[in-house]
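Okay, so here's the structure we're looking at.
The values are calculated or read from the model by the stated rules, or taken from the named source; none is laboratory data. Not measured: the values here are computed from a predicted model. Here the Cβ is made from the backbone with ideal geometry for all residues, glycine too, and neighbour counts use every protein chain on show. Quick note on the areas: whole protein, heavy atoms, side chains included, nothing else; ligands and nucleic acids left out. Shrake-Rupley method; radii C 1.70, N 1.55, O 1.52, S 1.80 Å.
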Amino acid sequence: MSQKKLIWQIFPPFLAIIICALLAVTWTISRELSSFQIRQTTKDLEARAYLAGKQLTGQMTLANISTVDRLCKELGNSTATRLTVILNDGTVIGDSENQPEQMDNHSNRPEIAQALQGHIGTATRFSQTLQQNMLYVAIPIMGQDRVTGTIRASLSITALEHTLSKITLKFVGGGLVVALIAALVALIVSRRMSRPLGELQKGAERFAEGNLEQSLPISTVTEISGLAEAMNSMAAQLDERLRTVIRQRNEQEAVLASMIEGVIAIDTDQVVLRINSAAAHLFDINLANATGRHIGEVTRKVDLHRFVEQALTSSDPIEGELTLLHQGEERYLQAHGAPLRGATGQKIGALVVVHDVTRLRRLENLRRDFVANVSHELKTPITAIKGAVETLQGGAMNDPRDSQQFLEIADRQVDRLNAIIEDLLALSRLERGAETETIDCTMENLQPIFTSALQACAIIAEAREVQVSLFCSEELMACVNAPLLEQAIINLVDNAIKYSEAGSVVTVEGWQAGDQVQIKVQDRGQGIPKEHLPRLFERFYRVDAARSRAIGGTGLGLAIVKHIVQAHNGDVVVHSTLGEGSVFTISLPTSLASGGFDGPV
Ligand code: ADP
């Protein structure tokens, strides 16, 4: 459908109506004027005919033709009217414009025929004699109670028509001026009507573009102002609702963004509707362009695809575990899937919430391993004690030498059990202390602590013929828990002595490095194979379990060291070369801001 501007819908019909009305008025007036003029002229001619008729009374015979004709010419001249006198047989005996002898019989002229019957006859006709349109009025002339003839007065109506057309022309001219003014007024009115509508249209376009704040101008036209007010109130409501929606969306975004759990909403076609940053991070998804794409496109994690499919097909909430390889490490995720329902309750997709339980799972594994390790560690001495007791009961008790030997075995194993339990208790105390941050630290001079540790190891060093040297400034200070730090040094020096050959040297060094204190325990012993280094500080981790046990190790010494160092917010590292020896370096902050604990190892 072709579209036109409102002004072109209103203006042309308006103009057409004005022109039609003017034409109708002009036509009616000119017609009325013409008939009025003819009526008046007819009456006038009738009067003139009567006046002439009075002078012709008694002369209506053919014999008086010359008198009658002369009289006609005189009267016709003085009244500017054509006068014709006709006898009742139609013979013309006088005419103001012609010679009557040359004129034909007039009895068949309609106005003459009417007059001869005693009526007033009128006719309008083209005169062959004068070659123009004429108005004829004929009256009967009576003599001795009968019509003796008729006198006809006539006038050219061409002049009349001329006057009339002049008047009509003036009418048309005036009408055209009126039409022009009316058209101008129509144009202004149309403009006035279309302008506020145009503004309404622009305003509606602004609303459609989302600019709802600028309201529409109120027109002076009631209907248009009503429409503008309705649209303004609609825009205000829309604006309010939009703000509410945006606020709610922002709140939702904020909630989703700050969630530790990963959240993915998908529709029934597996297209991502919503995803939060935690989920994007867990599944290596580019958050910026994930929404609106198929889940298969945004991530290749097959476990997730499978879980999404299950969540979409199930009508009840489901639970599952996903194992992913993330940056070379295994990650364990606990996943919950629930159907997403629309306002009318129909299923529109599924919501998947995942929680990273990797740390929890590792802790569980660690605890499980720990329990297994403790049981294993305790079982070895208990088995040995049980074996010794049974041997004694089996008769060895009677032999003083055997009984002595088995009692010594039992005693050694009890010591070993004691050592393990002591170390476990120490670890437990450390863990509890770190968790509750109750490890007391004071600014201490470190040299006495190192000296005391070395003294504790002096007997074993002498027994194994290992020389232990200390290099440390007397001024070296740090905020430490002295007994715990001493324990850590003892453990390291004890290991260094145990895993060194006789005649070897163990050095303990302490120095200040920036805002840190470095403590280095170095031996020139057998060293540790590289592959064992990452796990060396784990509980019960041993490079050579048999040898460790043989020399009275519990496998907990380095774990205790690590815990003590962590409780001081410090760090411990090991460097070792097979056959050349090992270096354990502890870094401690000079002033302890707060005690820290990173979980069991
Ligand atoms: P253990 O009681 O067995 O010594 P630790 O936790 O103290 O337990 O040590 C763990 C393991 O680390 C030891 O079994 C040993 O194999 C290795 N180790 C520790 N210190 C040294 C060292 N200085 N030289 C070589 N190996 C070492």
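Quick notes on this structure:
- Residue within the stretch 173-196 that is of a type outside the set (Lys, Arg) and outside any helix (DSSP H, G or I) present: no
- Out of Val574, Val508, Val583, Val561, one residue alone is more than 11 Å from the ligand (Cβ to nearest atom) and aliphatic (A, V, I, L, M). It is Val508.
- Test: residue in the stretch 541-556 that is more than 8 Å from the ligand (Cβ to nearest atom), acidic (Asp, Glu) and either more than 20 Å from Ile490 (Cβ to Cβ) or in the same structural domain as Val480 (by TED's automatic domain parsing) (or both): no
- Of the listed requirements (1) over 25 Å from Val505 (Cβ atoms); (2) in contact with a helix residue (DSSP H, G or I) (Cβ under 6 Å, 6 or more places away or on another chain), Cys472 misses just one: (1).
- Residues being in contact with a strand residue (DSSP E or B) (Cβ under 9 Å, 6 or more places away or on another chain), farther than 15 Å from Asp494 by Cα and either near the ligand (Cβ under 8 Å from one of its atoms) or open to solvent by 50 Å² or more (accessible area, probe 1.4 Å) (or both) - total across the stretch 519-531: 2
- For the criterion of being near the ligand (Cβ under 9 Å from one of its atoms), touching a helix residue (DSSP H, G or I) at 6+ places or on another chain (Cβ under 8 Å) and either farther than 25 Å from Arg429 by Cα or open to solvent by 10 Å² or more (accessible area, probe 1.4 Å) (or both), Ile497 passes.
- Matching entry among Ala47, Ala123 (being free of Cβ contacts under 8 Å to residues at least 60 places away in the same chain, touching a Lys or Arg at 6+ places or on another chain (Cβ under 8 Å) and in the same structural domain as Leu155 (by TED's automatic domain parsing)): Ala123
- Hits in the stretch 130-164 - residues which are open to solvent by less than 70 Å² (accessible area, probe 1.4 Å) and in a loop (DSSP other than H, G, I, E, B): Leu130
- The residues of the stretch 529-557 that are within 20 Å of Ala461 (Cα to Cα) and β-branched (Val, Ile, Thr), listed by number, are Ile551, Thr554.
- When Ile449 is tested against (1) open to solvent by less than 40 Å² (accessible area, probe 1.4 Å); (2) part of a helix (DSSP H, G or I); (3) within 16 Å of the ligand (Cβ to nearest atom); (4) at pLDDT 90 or above, just one condition goes unmet, and that condition is (3).
- In the stretch 452-473, the residues that are in a loop (DSSP other than H, G, I, E, B) and touching a residue at least 40 places away in the same chain (Cβ under 8 Å): Cys457, Val466
- Test: Ser233 is open to solvent by less than 90 Å² (accessible area, probe 1.4 Å), polar (S, T, N, Q) and touching a residue at least 24 places away in the same chain (Cβ under 8 Å): no
- Scan the stretch 341-365 for residues that are open to solvent by 60 Å² or more (accessible area, probe 1.4 Å) and outside any strand (DSSP E or B) and the total you get is 7.
- Annotation for the stretch 567-574: at least one member residue is surrounded by fewer than 17 Cβ atoms within 10 Å (Cβ to Cβ) and out of contact with any His (no Cβ under 8 Å at 6 or more places or on another chain).
- The set of residues in the stretch 165-191 being under 17 Å from Phe11 (Cβ atoms) and surrounded by 13 or more Cβ atoms within 10 Å (Cβ to Cβ) consists of Val178, Ala179, Ala182, Ala183, Ala186, Leu187, Val189, Ser190, Arg191.
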